[in-house]
Structure formats: C-alpha cells, structure tokens
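Asks: I am attaching a structure below and will ask some questions about it afterwards.
Please treat every number below as a calculation from the coordinates, not as lab data. For clarity, every value in this text was computed on a predicted model and none was experimentally measured. Quick reminder, even Gly has a Cβ in these numbers, built from the backbone with ideal geometry, and neighbours come from all protein chains shown.
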Amino acid sequence: MRPSLFISDLHLHQTRPEISAAFFHFLSNEAAQAGALYILGDLFEFWVGDDQLDRDRFSRKVCDAIRILSDRGVNVFFTHGNRDFLIGERFATEAKLTILTDPTQIRLGENSLLLLHGDTLCTDDLAYQQFRRQTRDPAWQAGILAKPYDERVALAASIRERSDTEKATKAADIMDVSLATVEQVFRTNGYIDMIHGHTHRPATHVHMVDGHQCTRLVLSDWQTQAEFVNIDDLGRRQSRT
Ligand code: LP5
Ligand code: MN
C-alpha cells in the first residue's frame, strides 16, 4: 500500500515561482509515489471563482498538473482554506479531485484522523470569524460570483490588504488556535488525532482531553521548499520535511 501525503498553505501565485516549481516537482515525484494526496486548504493565494481557470493561465497550469497526478492513480482530496473557499465543482471536476467538508474524518489503517484547514479553531479571532461567516454564506457567494471577474480580483486584493493591516494589530495568540475549541473538537469527534494547517506554526502537539491522549499535527506553510507529512497505510507517521 502507498502512503498518504498531507499539504496545506502553499499560497500558489505566479509571483512566487520558486514555490510553484517546488509544487510541480513535488507532484511528479513524492506525490506520484503516494496513494493519496490531501490538500488541506490555501492551495492558492486567492481564488475568485472557477472562471479563474479561463482567465489566469497559472491557475489552469496548477489544475492540469493535479489532474495529471490523479490520472496516475493518486486519489486527490481538497479542503477549502480561507483564501480559496470559492473553489467549486468545476475546478474539482477538471482537477479530478474530491472536495471534502471541513472537518472530515478519514481512516488510515488502524487509525482515524480528523482533517481540517484550521481556521475554524481560531475562535478568539472574532473579526476573522465574522468575516468567515459572511464569506461562507451561499447567498453572499452567489452575489460575489455574479460580479465580473476583474471586479472580483480587485475586491480580493482589497480584502487581502485590509486583512494584512488588521493582522498587524492583532496579538499573535489571537491568531493561533483556541485551546478550548481544540479540546471541544477532539471531544465531539471521538478523541481521534487531527491534522490541520492555516496557522503556519508547524508542530506536533499532544493534548490530554478528558483522560484521552490526542495528537494535533500542524502542517507547515510553503516558504522555500515542499512541506508535507507522510502517513503510511497503517496510520504511522513516516517523516516530515
Ligand atoms: O489570509 P491570512 O492567513 O493572511 O489571514 C487570515 C485572515 N484573513 C483572511 C482574508 C484573506 O487573506 C483574504 C481572502 C481573499 C481571497 C478571497 C477572495 C474571494 C472573495 C472576494 C472576491 C470577490 O482570511 C485573517 C486572520 C488570519 O488568517 C489568522 O487566522 O486574522 O483575518 C482577517 O484579517 C480578517 C479581518 O480581521 C477582517 C477582514 C475584513 C475584510 C472586510 C471585507 C468585507 C468583504 C465584503 C466584500 C463585499
Ligand atoms: Mn489559511
């Protein structure tokens, strides 16, 4: 059996050629040897709707590279991030991947794992949670998707700018996960281990929750090289780069 690989927070964009190169290399090497690839959100720097595939050649190239991986027999899964929550069924079909709800439980060998982007754990960041509620509302999304593409790109840039301005004034711990929320998520999901990204604080945390030992693996964002976690078919973690 081939292992499962987990990645998140690549923030792919044509202005980050070194990360794009690392991603394409990863797809044709490590990922091509895997049984499954789980992309846990923020694959793209931003996504304004699936017509981005027609309007942006770089996005099309990423989509095609994922489809080639899928055609090689690797099962590809995707969870929405806070940058690419507008990825839809057209992208999924053309990239030949499956969109997972957040959170999703999977089984690897003896072990179950909970997969999520991680932004839902950051409940102390009230401004972000308000933004999240608004942007995940299907009516809001339909209104946005009805706007012209160029307008959506400009809107995304202005939200990015405002987000960066607001982040500069937020305390660092506000932007990390809330421990109480993490414990509650372990509780409601039967104390299985979890993997998430979003915080860009790679680590392996062990939590004791109601007498259960639970592991929370936080994926790294991609800065200069491929960053992935490899879990074998028995559910054992093999390596981290
Ligand atoms: O992204 P990151 O990691 O730097 O920061 C996040 C939170 N910020 C966000 C916003 C994204 O960066 C921007 C997403 C744009 C792409 C989507 C475009 C598609 C829709 C528009 C196109 C039509 O998620 C940041 C968190 C941080 O993680 C840590 O968890 O703190 O949260 C914020 O900064 C949120 C701000 O506090 C509030 C943002 C207000 C924006 C208001 C715009 C109103 C939108 C209405 C538009 C009609
Ligand atoms: Mn994120």
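Asks: Which one of H11, H207, H117 has the biggest mean-square fluctuation once the chain is modelled by GNM with Cα springs under 10 Å?
Replies: H207
Asks: For the chain, set up a Gaussian network in which alpha carbons nearer than 10 Å are linked by springs, and say which option among L116, L69, L108 fluctuates the most.
Replies: L108
Asks: At 7 Å along Cα-to-Cβ for each site, give me the label-to-label distance between D54 and N75 in nm.
Replies: Going by the 7 Å Cα→Cβ label model, 3.3 nm.
Asks: Here's something else I'd like to know. So how many Å³ per residue does the convex hull of the Cα atoms of region 1-144 work out to?
Replies: In region 1-144, the Cα hull volume divided by residue count equals 114 Å³.
Asks: Let me ask something additional. Pull up all non-local amide H partners of G118: gap of 5 or more, or a different chain, and H-to-H distance under 5 Å with H placed in the peptide plane.
Replies: Placed amide hydrogens put G197 under 5 Å from G118.
Asks: Rounded if a/c is under 1.5, else prolate if a/b beats b/c, else oblate: with a ≥ b ≥ c from the C-alpha gyration tensor eigenvalues square-rooted, which is region 195-241?
Replies: oblate
Asks: If you restrict to DSSP beta bridges whose two residues both lie in region 102-241, what percentage is antiparallel, to the nearest 5?
Replies: Around 70 percent antiparallel, to the nearest 5.
Asks: Please give the contour-minus-distance gain from L179 to N111: 0.36 nm per residue of separation, less the Cα-Cα distance, rounded to one decimal in nm.
Replies: Full extension from L179 to N111 adds 22.2 nm.
Asks: Moving on to the next point. According to the square roots a ≥ b ≥ c of the eigenvalues of the Cα gyration tensor, what is the shape class of the chain, taking rounded for a/c under 1.5, prolate for a/b larger than b/c otherwise, and oblate for the remainder?
Replies: Cα axes put the chain in the oblate bin.
Asks: Further question: Before anything else, pin down the relative contact order of region 180-241: Cα pairs under 8 Å, at least 6 apart, normalised by residue count, whole percent.
Replies: Dividing the mean separation by the residue count of region 180-241 yields 25 percent.
Asks: Determine the calculated [θ] at 222 nm for the chain from helices alone, applying -39500 (n - 2.57) to every DSSP H run no shorter than 4 residues and normalising by the residue count; nearest 500 deg cm²/dmol.
Replies: Theoretical 222 nm ellipticity from helices: -11000 deg cm²/dmol.
Asks: Continuing with the same structure: How would you classify region 88-167 from its alpha-carbon gyration tensor, with a ≥ b ≥ c the square roots of the eigenvalues: rounded for a/c under 1.5, else prolate if a/b is greater than b/c, otherwise oblate?
Replies: Verdict is oblate for region 88-167.
Asks: Choose one answer from K147, K61, K96: the residue with the largest mean-square fluctuation in a GNM of the chain with alpha-carbon springs under 10 Å.
Replies: Sorting by GNM fluctuation, first place goes to K147.
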